[in-house]
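Peer 1: Let me begin by handing over the structure; questions about it come next.
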Amino acid sequence: SLEQALRLSLGLVVLQTKDREHLYSQNYACSLCGHSLSEIEPRMFSFNSPLGACEACKGLGSIQKIDLARIINPRLSYSEGGILPLNRLLMTETWYTRLIKTVAQEEHVSLTTPLGDLSAREMHILLHGTGKKYVVAGTNKQGRPTKITEVWNGIVNRLEEKYFETQSEWSRLDLNQYMKEELCPTCLGAKLKAEVLAITIDGQNINELTHQSVTTLLQYFKNDLVSLLNPYESQVGDGIIKEVTSRLTFLHNVGLGYLDLARQSKTLSGGEQQRIRLASQIGTGLTGVLYVLDEPSIGLHSRDVDALIASLKRLVDLGNTLIVVEHDEKTIRAADYLVELGPSAGVHGGKLIAQGTVPEIIKDKHSLTGAYLSGDKTIPGEIRPLNTTSGTLKLEGCRSHNLKNLSLHLPLGNLIGITGVSGGGKSTLITETLYPALKYYLDGTFFDHMG
């Protein structure tokens, strides 16, 4: 009778108890508003799939918008080239420049006043438009007078349309210097459709889970989540939970427990990217593989080298072979077997000097590496007096990425080292903040992102 009721009602059935009625549906749709959801499958939770990606930002979590600070020189008027992307149009007569002049005349916007002196209303009309139609007079290609009717949506909208619709790679690259990333207003950076984000486990959707650190998630999947599941749910989710826990464990073991899974790869330091690649190799569980690594410790802090060595040893413990080209003392001492080439560089090199275990290399009189490992040879360190007479470079209020509003005072005329663990903010401070600030200070302009 229940099956027959479902067939006759197109998948809807009402179950009546003593005090209330319950509406049940076989359809992936709301019985009240009709909003439907396709059958849940893994692809829906990937922002790389059209099934799950936010339609507004295509799964990027951000959208490209014109950066007003980059396109405007407030000291110049429109006629003097104050709108930087339109500089090339000032010396030519086009229908677009005629439209701008027509709008300015009818809306009483001065094109000869510095943009920084215009009122908020005038700037809004110029940049964001009025939405009204204007009759523009001019001459066509044959030199005959004619008129066209155009809607004025503003310079910003015009530039964004050109950026997204142009087929010219040169035009897109030219406009790219005036663009900036903004949080997608539809998904608010979650990258997924609202229907997907409505699916939750323990009150959390996949976006909220991925914004937690690896260490927190590992604890959650190992202990907290398991205690919340009933026997049926435990049986269904057992394989998934084991797989997730295994991958989180690999990341935690290589010293990346502080990262959250939603972190963009472009914001990771070189050392963090290196260890993520190693964690993925450990996670494959492959055995009998020969790995060749060229200076994997380069760019790593001493503390991070220990985590790197532990990861390399795990690969060996799985039954693999690692050949590592390396100069780092810690990594050399951790090797099971060493091969040294030399004795010098270039035409004076290319000979096998020594091979064997670390103790054997140390005892070998022909080994230059062994002499340094034993302490017989050392690198002389000269401490020079600090130059305090060449001035100081001050950088204040650094807040990009993980920088905590720090201030930097550098004594000029010295060799200055910026050190710290991987992910500590060194590249953000120097490459993304100090260099752009200096270039802007010296050249008066910087078209890329400034920290």
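The values are calculated or read from the model by the stated rules, or taken from the named source; none is laboratory data. None of these values were measured; they are calculated from a predicted model. Quick reminder, even Gly has a Cβ in these numbers, built from the backbone with ideal geometry, and neighbours come from all protein chains shown.
Peer 1: Can you name every residue in the stretch 285-342 that is of a type in the set (A, V, I, L, M), assigned to a loop (DSSP other than H, G, I, E, B), under 33 Å from the mean Cα position of the chain (by Cα) and closer than 25 Å to residue 379 by Cβ? Break it down stepwise before answering.
Peer 2: If we filter the stretch 285-342 for residues that are of a type in the set (A, V, I, L, M), which is where we start, we get 286, 289-290, 292-293, 298, 300, 305, 307-310, 312, 315-316, 318, 322-325, 332, 334-335, 338-339, 341.
Filter once more, so that each one left must be assigned to a loop (DSSP other than H, G, I, E, B): 286, 289, 298, 300, 318, 335.
Narrowing further to those that are under 33 Å from the mean Cα position of the chain (by Cα): 286, 289, 298, 300, 318.
Of everything in the stretch 285-342, those that are of a type in the set (A, V, I, L, M), assigned to a loop (DSSP other than H, G, I, E, B), under 33 Å from the mean Cα position of the chain (by Cα) and closer than 25 Å to residue 379 by Cβ turn out to be 298, 300.
Peer 1: I'd like to verify a number: residues in the stretch 120-140 that are in contact with an Asp or Glu (Cβ under 8 Å, 6 or more places away or on another chain) and touching a residue at least 40 places away in the same chain (Cβ under 8 Å), how many?
Peer 2: Summing the residues that are in contact with an Asp or Glu (Cβ under 8 Å, 6 or more places away or on another chain) and touching a residue at least 40 places away in the same chain (Cβ under 8 Å) in the stretch 120-140 gives 2.
Table: residues versus (1) modelled with pLDDT of 90 or more; (2) in the same structural domain as residue 335 (by TED's automatic domain parsing).
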residue: 348; (1), (2): no, yes
residue: 354; (1), (2): yes, yes
residue: 363; (1), (2): yes, yes
residue: 370; (1), (2): yes, yes
residue: 400; (1), (2): no, no
residue: 409; (1), (2): yes, no
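Peer 1: Go through the stretch 160-186 and count every residue that is exposed (fewer than 15 other Cβ atoms within 10 Å of the Cβ) and in contact with a strand residue (DSSP E or B) (Cβ under 7 Å, 6 or more places away or on another chain).
Peer 2: 4
Peer 1: Pick from 169, 161: which is over 30 Å from residue 194 (Cα atoms) and of a type outside the set (Val, Ile, Thr)? Give the derivation first.
Peer 2: On the way: 161 fails: over 30 Å from residue 194 (Cα atoms).
Within the list 169, 161, the selection yields 169.
Peer 1: Another question, if that's okay. Just the residues that are surrounded by fewer than 18 Cβ atoms within 10 Å (Cβ to Cβ) and either closer than 15 Å to residue 424 by Cα or touching a strand residue (DSSP E or B) at 6+ places or on another chain (Cβ under 7 Å) (or both), please, taken from the stretch 225-262.
Peer 2: 257, 258, 260
Peer 1: Give all pairs with beta carbons closer than 6 Å in which a residue from the stretch 141-159 that is loosely packed, with under 13 Cβ neighbours inside 10 Å meets a residue that is hydrophobic (A, V, I, L, M, F, W, C); count only pairs at least 6 apart in sequence or on separate chains.
Peer 2: 147/135; 147/137; 149/135
Peer 1: Moving on to the next point. Tell me whether the stretch 291-307 contains one or more residues that are of a type in the set (Gly, Ala, Ser), closer than 30 Å to residue 273 by Cα and in contact with a strand residue (DSSP E or B) (Cβ under 8 Å, 6 or more places away or on another chain).
Peer 2: Keep residues of the stretch 291-307 that are of a type in the set (Gly, Ala, Ser), which gives 297, 299, 302, 307.
Within this subset, residues satisfying the condition of being closer than 30 Å to residue 273 by Cα are 297, 299, 302, 307.
Remaining after also requiring in contact with a strand residue (DSSP E or B) (Cβ under 8 Å, 6 or more places away or on another chain): none.
No: zero hits.
Peer 1: Would you check which residues across the stretch 319-346 are of a type in the set (S, T, N, Q) and at pLDDT 90 or above and list them? So that I can check it myself, show each step before the final result.
Peer 2: Initially, the stretch 319-346 is screened for residues of a type in the set (S, T, N, Q), giving 320-321, 331, 344.
Matches in the stretch 319-346: 320, 321, 331.
Peer 1: Moving on. Can you say whether residue 196 is surrounded by 15 or more Cβ atoms within 10 Å (Cβ to Cβ) and in contact with a Leu (Cβ under 6 Å, 6 or more places away or on another chain), as far as the supplied structure shows? Full working, then the answer.
Peer 2: On the way: surrounded by 15 or more Cβ atoms within 10 Å (Cβ to Cβ): yes; in contact with a Leu (Cβ under 6 Å, 6 or more places away or on another chain): no.
So residue 196 fails the test.
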